[in-house]
Amino acid sequence: MKKVAIMTWWHYSNYGTALQVTALSHVIAKMGYETDVIDYIPHGRVVKQENLQALIKFIYEKICLAINLPYQNDDIQRRFEEYRDEYLTFTPKCQTESDLFLLNDKYEAFVCGSDQIWAPTVFEPKYFLDFVRNNKRKIAYAPSIGVNKFEDEDIIQEFQRLINGFDFISVREKQGQDILKNIFNKNSDLVLDPTLLYDRHQWQELLKIKNYAKKEKYILCYFLGNNESHWDCVKEIAAKLNLPVKIIPTHKNDLKKTGTVIAGVGPREFTELLANAEFVCTDSFHGVAFSLNFNVNFVAFKRFKDNDKYSQNSRIYNILHLTKMENHLFDTKKAVEDYLQEANFSNSNRILNEYRKKSLSYLKNALDSVASCCDASQILPITNTCCGCGACSAVCNQNAIKIVKNKNGFYQADYDFKKCINCGQCKEVCPFLVKAATEIDIKVDKLYAVKSNDSSVLKKSSSGGVGLELAQYGLENNYDVYGCRYNYAAEEAEHLKITADNTSDINQLSGSKYLQSNTAMVMQEIFETRNNFLFIGTPCQVAAVDKLLRKKGMREDCILVDLICHGVPSYNMYRKYLQFIKTKSGISTIDEISFRCKEKGWRERYIYIADFQQQKTYCQNQSKDIFYKFFEIGHCYMESCFECNYRTTSAADLRIGDYWGRKYKNDKTGVSMVIAHTMRGYDILFNLKCNGNIKIEEHSCNDYYAVQYPVNPVRPVFYQKLQDELVKENTDLQAIADKYCSRYFLYKNFLGRIKGKVKNILNYD
């Protein structure tokens, strides 16, 4: 049986969300396909260049939310979970782009939809199936754009790029169809929301809906908005019909109202309450959709003001217009009696049946079609989240893969498709395709605060000196050592090998290098060597080394240490930065650079650059340094940094980094955070302690999740535009920073202070 994967919202405890994905998956299954919902939960919104107006709106919305919090309880959550378990099947959990990319090997076709997954306010490229190979069918079924206007130029640009990859495009609203045509020059089919692909009889059968209308009669209220004036109308309707009101609560202040259903309402209960109601009052699209489907008289309220650019009213306008039910839209000029006349659903049922046939025909045709033909260059490369580690190049015996610097200033794999024989060895060692790393477990793994006992090591190191101590341990125990140094001639970071014959080079490994390290040469050497070694690098580099070692059967012979990594910025940005500093400070040749100078204290974080011949220096705190601004914001990281598989997993024996947080806030010389991920890692730390090399204190592994960065940063929607500007030789870095960093820094710092104040007020930790 052919397999289809559905990419949509499913994880929200929202009735429409749960019911639309149920309908779509079951409809596709009835067409003869094995259907799974992609188990993906987005971790954040796209980053835009926020302006003051957006900031004020955001704060206003948060204040309103704080005043009237959404209502959820454990019983509701439980009912949603039980519902999903019963009616949906899922893919393995997908956290990153590479997890999603691996689905290409299991599914013939991918469908995105429905819900507001294409709304610019929650723009997320993955809901445009950007991870699907070109030789697979990409089908859009009824996604909602949600708004009437498209104003953000960055999102328009990205939207255009993404929809060009679809074989079939349909949308749920006429407004969305018009936007696709007028702005993006894309034709699309107009189809029904998946919940309307099933008629009332099919829903009753699927969900086993009970009929208890004879027992009680009531008016059902379901409001996602919080407009108190709507309740005035509800009271009038209740008085005229002489019926009690039942309320499905969505806000905490709903609990104060008479008639609120306190017992947990899951998707099945929601549908049952609506199907058995005498009258429905709602501002929800799916509240209207099910009222139409179940032929229950209703009045639809506006959830947003029409002049609100983020208004989602068009969804309700569209379904009412389609079914000729515009008279059921609440209007303050109309008398309540106008809504109470028994609705004639015969016409709306006929229209829905016609569109149901068209929609099902569109979907079946799209699923049964043959995927577009494409050549090998469209199928390769092996991953869309390359970190440039060089492992694939090392194992390729056809010389089909080279590590080169791309246009954005990052090392990545470049493929010669003519030489490729499709042997698959590159896939076996790619850290973004093979799941070898394991979770950092707060119950199993050991976390320590570590500090070198050697003052000279502390002075050279960025934090507690554990990296240098580990490197020295490796050399003393007959391990070759691979680590990162700064190449002053090339003005780049690179990995090198240190042996017992060149131990003096070990000091080159000390200190942080906030740049992508070129590892292509050492990966080749690692693949060919039979010597034991200790390797220190970023988590993705270490994961690649782990795969190379396992391929050779040597994993137990080597020690792997990865770094707590936030991401690596573009060399294009770094080149501009160096030119900026040289011009500003009169430096001509960089003889020394420290990305984390500790002369003014470990936590102060200064960058230091020196030209010994000219006797010129540059020293600046991160808050004022332009390189740090780009690094902290993360707008110009390598693309794989936004989709890292290793924030909460590791293939290493030890993970090391700074011990941030309150515990060591008064320490001036630096403290390292170290996680022992294997028994070998634990033994090494124990030996260093016994030998008197380090001080060590054990703490909860929870500290890692509390003070580090366990969640991937969100790729900004203007990412490529920023990268293109960094390439331009005549563009000043300060001008680029003013454009892409300044507003965001204001936004971030302002919100950070507000968040801190709120936490203090509420006594949150």
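Residues of segment 602-609 include none that is hydroxyl-bearing (Ser, Thr, Tyr) and in contact (Cβ under 8 Å) with a residue 40 or more places away in the chain. If the condition is being free of Cβ contacts under 8 Å to residues at least 60 places away in the same chain and not in a strand (DSSP E or B), then segment 610-626 contributes PHE612, GLN613, GLN614, GLN615, GLN622, SER623, LYS624, ASP625.
If a residue has to be of a type in the set (S, T, N, Q), surrounded by 12 or more Cβ atoms within 10 Å (Cβ to Cβ) and farther than 22 Å from ASP232 by Cβ to count, how many in segment 312-352 make the cut? Let's see the steps before the verdict.
So in segment 312-352, the residues of a type in the set (S, T, N, Q) come out as 312-314, 318, 323, 327, 332, 341, 344, 346-349.
Going one step further and asking which of them are surrounded by 12 or more Cβ atoms within 10 Å (Cβ to Cβ), we end up with 312-314, 318, 323, 327, 347-349.
This time we only want the ones that are farther than 22 Å from ASP232 by Cβ, so: 312, 314, 318, 323, 347-349.
Here the count works out to 7.
For segment 185-226, give me each residue that is assigned to a loop (DSSP other than H, G, I, E, B) and under 17 Å from THR260 (Cβ atoms). GLU216, TYR218, PHE223, LEU224, GLY225, ASN226 - these are the residues of segment 185-226 that are assigned to a loop (DSSP other than H, G, I, E, B) and under 17 Å from THR260 (Cβ atoms). Scanning segment 343-382 for residues that are at pLDDT below 80 and over 23 Å from TYR33 (Cβ atoms) yields ASP375, ALA376, SER377, GLN378, LEU380, PRO381, ILE382.
Which condition breaks for SER623 when tested against (1) under 30 Å from TYR704 (Cα atoms); (2) crowded, with 16+ Cβ neighbours inside 10 Å? Tallying (1) under 30 Å from TYR704 (Cα atoms); (2) crowded, with 16+ Cβ neighbours inside 10 Å, SER623 fails exactly one: (2). Here ASN408 meets each of (1) among the polar types (S, T, N, Q); (2) at pLDDT below 90; (3) touching a Ser or Thr at 6+ places or on another chain (Cβ under 8 Å) with one exception, condition (2). Of the candidates ALA500, ALA493, the single residue that is closer than 20 Å to CYS389 by Cβ and of a type outside the set (S, T, N, Q) is ALA493. Among the residues making up segment 410-425, those that are hydrophobic (A, V, I, L, M, F, W, C) and under 26 Å from the mean Cα position of the chain (by Cα) are PHE410, ALA413.
The values are calculated or read from the model by the stated rules, or taken from the named source; none is laboratory data. Predicted model only: the values in this text are computed from it and were never measured. Cβ: placed from backbone, ideal geometry, glycine included. Neighbour counts: every protein chain shown.
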